[in-house]
Structures are given as C-alpha cells and as structure tokens.
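Visitor: Got a structure for you, questions after.
All of the numbers you see were taken from the coordinates with simple rules; none came from a lab. Computed from a prediction, not measured in an experiment: that's the story for all the values here. Cβ placement follows ideal geometry from the backbone for every residue including glycine, while neighbour counts extend to all protein chains displayed.
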Amino acid sequence: MKKINIIIIIFLLISSCTDNNNFNSNFFNNILNKESPPFTITELESKLADTLLDFTFAGISYSFLNKSEKDVSSITTSFMLFDAKTQSNPFIGSNIFEIKTLISISPRENMEIGISLDIFIYIAPSEPYLIDHFYISEIEYADGSIWRDKNGIYRIK
C-alpha cells in the first residue's frame, strides 16, 4: 500500500509540471498509451567524410522510415558528441546538439539522412565521434502538423 501511495504522489508531482518548465505534455500520453513513434530509424553511424551525404570532415548518418500517412518536411534531431579517444567534449562550446534537417520524405518512404558536423568543428577529427542520447525530437509535416518527443522517450543511444 505504501508503494502505491508513493507512486501516486510522484505521478501527481510530475504531472503538475507545465510546458513553461520544459515538460512535454505528451510525456504521460506516450507512456500510458504505449504510442509508437511515426518512424523507424536504423543504428547510427558516425563518419569522417562522405561526399554522398554532403559532409567533408565529420557527420552522422542513419536511415529514416516515415511510417505516417503524411509527407515529412523537416526532422529535428537531438544528441551529444564525444571524442572517441578521450570520451570528453571535443568542442570549445557545448557538445549537446539540436539540428533541424529540411527534407522531403513521402509516406512509407525510407531515406538515408546525413547530418553534417562540419560547421561545428575547428579541427577535423582523426576518428569518428561517439554519439550519445540520440533521438528525433521533432518531425514537421507538409500539412503544418508536428510530432514531438522533447524528452527523448524514443532515444536510441
């Protein structure tokens, strides 16, 4: 009985948070409804150079399957990067990124996506970066609707 009361109190405390406190109101809906995200992505690959995916020094690639019935117009990804040797922050500033990629993906289409890191680096890395806490934080559709996961519920790494 004591355990149930504690769980209820924690639930009430967390659910009293507002969007002003960066709390995603869909958090409990996603968990309680076990809602599946409108996409499937493959394992991430950190790369040093890839002319096909439009980065010269470093980037991240993955495949994205649009499982929705809508056309995707942009994908926002959130992630952290670390140096492969030292496992520390390889940048002068923050190693936390949120990058919006403008892209057109039809319903049920699978597409390889590349995220260039070239503009963020000042020395080209000798090894690919380590990726952590990667998730799709927002998908914008051509009709103007938006799917969000600001808390990283569906993170893959």
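Visitor: What pairs from 47/150; 67/150; 47/100 go past 22 Å between their alpha carbons? Provide the component values of the computation, followed by the final result.
Guide: Working: 47/150 26 Å; 67/150 19 Å; 47/100 19 Å.
Pairs exceeding the cut-off: 47/150.
Visitor: Next question. Can you pull the one-decimal nm distance between simple spin-label points at residue 96 and residue 73, each 7 Å off the Cα toward Cβ?
Guide: Using points 7 Å along Cα→Cβ, the separation is 2.9 nm.
Visitor: Within a Cβ distance under 11 Å of residue 141, other residues only, what is the Lys/Arg minus Asp/Glu net charge?
Guide: Working: positive: 70; negative: 69, 71, 138, 140, 143.
Taking every other residue near residue 141 into account, the sum is -4.
Visitor: Quick check: residue separation of residue 54 and residue 42 times 0.36 nm, minus the Cα distance between them. What number comes out in nm? All intermediate terms of the calculation are to be shown ahead of the outcome.
Guide: Numbers: separation 12, 0.36 × 12 = 4.32 nm, distance 1.91 nm.
The residue 54-residue 42 span can extend by a further 2.4 nm.
Visitor: State the Kirkwood hydrodynamic radius of region 31-157 in Å, one decimal place, computed from all pairs of distinct Cα atoms. Could the numbers behind the result be given before it?
Guide: Values: mean 1/r = 0.0654 Å⁻¹.
Evaluated on region 31-157, it is 15.3 Å.
Visitor: So, in nm, how far is label residue 143 from label residue 124 when the simple model puts each one 7 Å beyond its Cα toward the Cβ?
Guide: Inter-label distance under the simple model: 4.5 nm.
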